[in-house]
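First comes the structure, then the notes that go with it.
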Amino acid sequence: MNSSKQDNRLPHSSNQINELLNSFTSNPAGKLIILAGKNVGEKKNLVQKIKKSSANVKEIDLRDVISTVEEETYEKLDNLFDTLKNNQIVHLMNGDVLSGEYTGNTYSFRRYASPQEKYLLRKLEKSSNGFVLDLLDEANVNHMMERKSEAIIDFNAPKSGFGKLFWKLKQISVHGHTFENKRPLKK
């Protein structure tokens, strides 16, 4: 992973995305790509491109792994990494749980990595696998993530009036606002 700070943010419509994905899928070991933003449709398209170029993609919902108890999270992450195959690409969904969604950490003027997030990033760095981390809230990308990632791909709302209208209509909720990621129910 990158250890030096660099400008590695790209819009999802950038011409450099295909080159980035080719490099990532050909040698994914220890690499992290972050998908940040609320344009879920375009994120799905990009993940489909990755799945087409590499048949070895595993999807993991981080809501099932991250908890408010640090030791429990560390144990689950260790177990998760033990089950991964070499040179596999892992799509980490619902990555916002790392950023204090319910881990007990709160937003402040400057957001720092949570202990769970730091532990995961250290595990990713040492792994022989590649990782795609999906974040709905762009504010959850902190300086540590920027340093450790190969690229951060921004998935902003469409810019055209017609595209923006349809995208906004999809965001409407009939029964009011709900949080984007819900805490999993205990069974």
(request) Kindly indicate which of Leu80, Leu62 is within 18 Å of Ser127 (Cα to Cα), of a type in the set (A, V, I, L, M) and within 16 Å of the chain's Cα centre (by Cα). (result) Leu62
(message) So Lys43 passes all but one of these: (1) without any contact (Cβ under 8 Å) to a residue 24 or more places away in the chain; (2) under 22 Å from Asn94 (Cβ atoms). Which condition number does it fail?
(response) (1)
(message) Within the range 15-25, does at least one residue satisfy the condition of being in a strand (DSSP E or B) and within 16 Å of the chain's Cα centre (by Cα)?
(response) no
(request) Would you check which residues across the range 35-78 are assigned to a helix (DSSP H, G or I), among the β-branched types (Val, Ile, Thr) and either open to solvent by 20 Å² or more (accessible area, probe 1.4 Å) or over 24 Å from Ser114 (Cβ atoms) (or both) and list them? (result) Val40, Val47, Ile50
(message) Yes or no: the range 58-75 includes at least one residue that is of a type in the set (A, V, I, L, M) and under 17 Å from Ser149 (Cβ atoms).
(response) yes
(request) List the strands (runs of 3 or more DSSP E) that sit entirely inside the range 79-187 and contain at least 1 residues that are at pLDDT below 60 and open to solvent by 10 Å² or more (accessible area, probe 1.4 Å). (result) none
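The values are calculated or read from the model by the stated rules, or taken from the named source; none is laboratory data. Only a predicted model underlies this, so the values are computations on that prediction, with no experimental measurement involved. Every residue, glycine among them, receives a Cβ derived from its backbone with ideal geometry; neighbour counts consider all protein chains shown. Accessible surface is based on the protein model in full, side chains and every heavy atom, while ligands, DNA and RNA are left aside. Shrake-Rupley method; radii C 1.70, N 1.55, O 1.52, S 1.80 Å.
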